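Working notes, structure below.
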Amino acid sequence: MAPRTDWRVGLAVFAGVFLLYHLTFASVATGNGPRLLGIFERGDRDGMMLADWPLTGFILYSLTRVLAPSNGPLTPLTVVQTANAAAGAFGAAAFCQTIVLLGGGALLGALGALVLATSFASWYYVNGDTHHLALGAVLGLFYLLVRRHVSGRPYGYGFVAGLALLNAVAGLLLRGSVLFGIGAVAAGFVGRPWRRAVREAVVYVVAGAAGTAVFSLAVGMLLKGAREPRELLEWYALNVRLLWQPHEVYEPSGLLVSPLKLVKGQLSALLFGVQVIGDAIREPALLARAKGWALM
């Protein structure tokens, strides 16, 4: 019988992470935040509909227009930060529940959510950047996939295609989210007949590609306002050119935080990549044995 999740644990993680982010908001936007807020202030449709995150730009801009009018008490930065905090908290709760489904228990699940929420990227970029809506969506997709997988109930190609279409939507929130498809396809091979897994992988790839094409066309025409095929192609291919530009992480100043990122990454790897540590967290009695300490 598959482990069962407890909605109260997920709700507690959501509330805790949301509160953590809310209490530690920066007074200025980080990452792409200043540029994004400037785009919103100018009402620059081309800027907010950048092909790397068109749906995120549109959603955040719409929220700021509704919740932060020029004469209102809220600022656009507060609205964007709050939306990011909610999406980040949802992703952390989904990650927690995923760990519980895999047999980790509530304690390990909550610890995993904390490590995720306080990672450099999650905690830093929640202050006005464009990553967290897509992150919440992808972690939600992963939870749905794991839940169906560990339940032992058979699922059809419709479920696989549905996940692929949701993945396509996540890709419009942030283009890098399409990489989740690799993990989804790989997960389909775990403990299942390989012929069935291959067919599902083909369905996922075809449905995801078709969904991405249709959704991109709809977003480009309806939200971006592109009318000519050339406009659509130039809009969608813009970030291919941007990939060749130097990134600040390779500048000397970026190297100062590299040791901290390394420690944080290794902490995550130790907690969730080493079996004995996960077992010790679930069963503290193991720490009373010398062998347990020796293995760690």
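The values are calculated or read from the model by the stated rules, or taken from the named source; none is laboratory data. What you are looking at is a predicted structure, and each value in this text was computed from that prediction instead of being measured. Heads up, the Cβs are rebuilt from the backbone with ideal geometry, glycines too, and the neighbour counts pull from every protein chain shown. Side chains included, ligands, DNA and RNA excluded: accessible areas come from the protein's heavy atoms. Shrake-Rupley method; radii C 1.70, N 1.55, O 1.52, S 1.80 Å.
With the largest listed first and rounded to whole Å, the semi-axes of the equivalent ellipsoid of segment 155-235 from the Cα gyration tensor are 29, 11, 9. The tail of the calculated P(r) for segment 1-99, taken as Cα-Cα distances beyond 15 Å, holds 66 percent of the pairs. Working ranking of peptides 220-231, 122-133 by packing, defined as the average number of other Cβ atoms within 10 Å per residue, highest first, is 122-133, 220-231.
Over 12 Å, how big is the tail of the calculated P(r) for segment 191-239, in percent of all Cα pairs? Beyond 12 Å sits 68 percent of the P(r) for segment 191-239.
Under the simplified labelling scheme, the Val202-Phe120 pair shows an inter-label distance of 4.3 nm, with each label point 7 Å from Cα along Cα→Cβ.
Dividing the alpha-carbon radius of gyration of segment 67-202 by the rule-of-thumb value 2.2 N^0.38 Å gives 1.20.
Close amide H pairs (under 5 Å, H built 1.01 Å from N) link Thr30 with Asn127, Gly128, Asp129, residues at least 5 positions away or on another chain.
Each other residue within a Cβ distance under 15 Å of Ala93 adds +1 if Lys or Arg and -1 if Asp or Glu, for a net charge of +1. Here the Karplus curve 6.51 cos²θ - 1.76 cosθ + 1.60, taken at θ = phi - 60°, turns the phi angles of segment 189-198 into couplings of 8, 6, x, 9, x, 5, 5, 4, 5, 5 Hz, with x standing for Gly and Pro. For Leu223 and Leu179, the FRET efficiency from 1/(1 + (r/R0)^6), where r spans their Cβ atoms and R0 equals 22 Å, is about 0.40. With K and R counted +1 and D and E -1, the other residues having a Cβ less than 15 Å from that of Met221 yield a net charge of 0.
Once both labels are positioned 7 Å from their Cα atoms along Cα-to-Cβ, the gap between Arg42 and Arg230 label points is 2.4 nm. If you sort Phe215, Phe40 by accessible surface, 1.4 Å probe, largest first, the order is Phe215, Phe40. Computed from the C-beta positions of Arg192 and Ser70 and an R0 of 45 Å, the FRET efficiency is 0.25 to the nearest 0.05.
Modelled spin-label separation between Ala213 and Trp7, with each label point placed 7 Å from Cα along the Cα-to-Cβ direction: 4.0 nm.
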